[in-house]
Each structure stands twice: as structure tokens, then as C-alpha cells.
Amino acid sequence: MADCCNDKACEIEALQDRQSSILKIVLAINAVMFLVELTAGLLAGSVSLIADSLDMLGDALVYGFSIYVVARGARMKAKAAFLKGAIMAAFGLFVFGQAVFKMVFPQVPVFEAIGAIGLLALAANSLCLLLLWRHRADDINMSSVWLCSRNDIIANVSVLCAAVGVWLTSSGWPDILVGLALSALFLRSALFVLRGAKEELRVIQT
């Protein structure tokens, strides 16, 4: 019998198993952090924390889709990536709506809560990024997952900046501006993923 290490099918199966295991871990991390950040965001009145929590929820859903398609064909992976892009776009629009709401009905958020939860989220997402790093170029499925994780780090740093801004100005505007910036990031990433999925589907069909 051929050595498993020399068997291409066995190598692919082993890779898929590793991908699935990593995705389950980062899914659990993001699901827990979604609940933590959403609760803190609502209690603190923070647009940036609510935006980051929705990003966590979106990532958890993304990782769930990715686990489902990890052992499936290129067409299914491209369709899953397309769905991920649509989710990113939806959350981007929702956060934009929240920011506009805070402009109309201003509120100074609790900067201590923003900073503490922001640091916790940064630690959680740094761990996720580290776990996903080696798989970032495996295929379009893992590439889009890694992109989501990278965006999370940017979002977490932005939330910390919002906390500092609220503390220095005693105003809700830094929080609102970060919320708008995160909304733009979600929409930009969504466009990137949707274009990649569309191109992948076009190549598969030709």
C-alpha cells in the first residue's frame, strides 16, 4: 500500500481535516466574543462595540459556512464566499444605520467599557489570526476567512482608538466616526470577496 504521505487524496483529506478543526476553534471564539461585545456595547451605548460585535457574529457565521464547504468542490466554496460577501455588506449597512441614529440622538458612551472589551476582543482576534495564518492561501474559502480575521484586528484597534477619543473629548463623536469607518471597511471587504467569488465562478463555468 502506498504511503499516506505520498497519496495525494490522503494529503487533501488531511488538509481538510486541519482546516475544519481550525475553523471550529475560531468559530467558538467569535461566537463567545459576539455575546460579550454586544452586551457591553448596548450597556455602554457604544456604536463601535456594537459594530465590532456584529463583525464577530458575521465571522462566526462565515466560519460555519466555511466548515460546511471545506470538503466540497470549488463551485460550492465560491458560492459560500459569495454569501460571506453578502453578509459583510449587510452588517456594513446596519452599522452605518446605527451611526446615523447616534448622530440624531447623541449619547456619550462609557469609554472604560469600550477600552476593556476592545482589548479583550483584540486578544481573541489575534489568536484567531495566528491560527488561520498557515491556511490563508489554501483556497478561496480559507482566503476569505483569513481576510475576515485580518479585518477584525483593524476593527479592534479602531475600537480602542474610539475609547481614547471619547475619554479625551467627553463626546460620542469619536465612537460614531469609528463606527462609520468600520462600516466602510465591511463594505469594502464585501466588495473584494464578492468580486473574487464572481471571478471564481466564472472560471469554473468556462
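The values are calculated or read from the model by the stated rules, or taken from the named source; none is laboratory data. What you see is a predicted model, and the numbers here were worked out from it, not measured in a lab. We work out accessible area using only protein heavy atoms, side chains counted, and drop any ligands, DNA or RNA first. Shrake-Rupley method; radii C 1.70, N 1.55, O 1.52, S 1.80 Å.
Computed with a 1.4 Å probe on the full set of protein chains, the accessible area for Leu185 sits at about 30 Å². Multiplying the residue separation of Leu43 and Ser126 by 0.36 nm and subtracting their alpha-carbon distance yields 27.4 nm. Given their separation in residues at 0.36 nm each and the Cα-Cα distance between them, Ser21 and Arg134 gain 39.4 nm when the chain is fully extended. Here the gap between Ser170 and Val110, fully extended at 0.36 nm per residue and compared with their Cα-Cα distance, gives a gain of 20.6 nm.
Of the residues Ser158, Ser149, Ser21, the one with the largest accessible area comes first in the ranking Ser21, Ser158, Ser149, computed with a 1.4 Å probe on protein heavy atoms.
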